1. How large is ³J(HN,Hα), in whole Hz, for each residue of segment 117-130 in order, when computed from phi with the Karplus curve 6.51 cos²θ - 1.76 cosθ + 1.60 and θ = phi - 60°, using x for Gly and Pro?
2. For Trp149, Trp113, what ranking results if the residue with the fewest other Cβ atoms within 10 Å of its Cβ goes first?
3. So, R0 is 35 Å and r is the distance between the beta-carbons of Asp17 and Arg82; what FRET efficiency does that work out to, to 0.05?
4. If you take every residue apart from Ala70 with its C-beta less than 12 Å away from the C-beta of Ala70, what net charge results, scoring Lys and Arg +1 and Asp and Glu -1?
5. Which order, highest average first, do 38-50, 63-75, 20-32, 128-140 follow once you tally other Cβ atoms within 10 Å for each residue and take the mean per peptide?
6. Quick one: net charge around Leu106, please, counting Lys, Arg +1 and Asp, Glu -1 for every other residue with C-beta under 14 Å from its C-beta.
7. State, as an integer percentage, the relative contact order of segment 17-100 based on alpha-carbon contacts under 8 Å between residues 6 or more apart.
Amino acid sequence: MPHDQHDQPPASTEPLDRRLAALLRRAVLDHALTERRRSHLPILHVGTPGQPHLLFAIAPDEPTDHALRADVVAAMRARQLRAPVAGHEPDRPILVWLTRSGPLELADIDAAWFAAARHAFAEAGAPLTFVVVNRHGWRDPATGGGRQWRRLRAS
């Protein structure tokens, strides 16, 4: 299989690639710095943490099914790939992360959006890195691996 410029291992593959670890830490840090409320809407992010990326707020009363969620992820991925990012690396990885409140244990919303992202990325023939993020860490729903920090600070 040819090497894809966006190829990266699953988020919890050990040892964790240093670049991917830094990106996932950045996703957690950005979320912790921008979301101060204890309870908030889950938000799906597609792109590269620390760079301009796309967001989709998930309202609790929104009628969605698997196909619609997969279409949302596919459209966000396609749009992100077309988006020029001035001053940033052209081979930036496209990650998917779901920010939400609460503990990082697997929740229904995590499973639903992870399944949709797997479907959308598989259809595109692209590797997927999907994690769930809260203000203290991230978790890969595929393997349960992840990282947590007591006090995460900007480096």
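Every read-out reported here was derived from the displayed coordinates using simple, explicitly stated rules and does not represent laboratory data. Everything numeric here is computed off the predicted structure, so don't read it as measured data. Virtual Cβ from ideal backbone geometry, glycine too; neighbours counted across all protein chains shown.
1. Once θ is set to phi - 60°, the couplings for segment 117-130 become 5, 4, 4, 5, 6, 5, 4, 7, x, 10, x, 10, 10, 10 Hz.
2. With the sparsest Cβ surroundings first, the list reads Trp149, Trp113.
3. Result of the calculation: an efficiency of 0.85.
4. 0
5. In descending order of packing, they fall as 128-140, 20-32, 38-50, 63-75.
6. With Lys, Arg at +1 and Asp, Glu at -1, the neighbours total -2.
7. About 39 percent, as a whole number.
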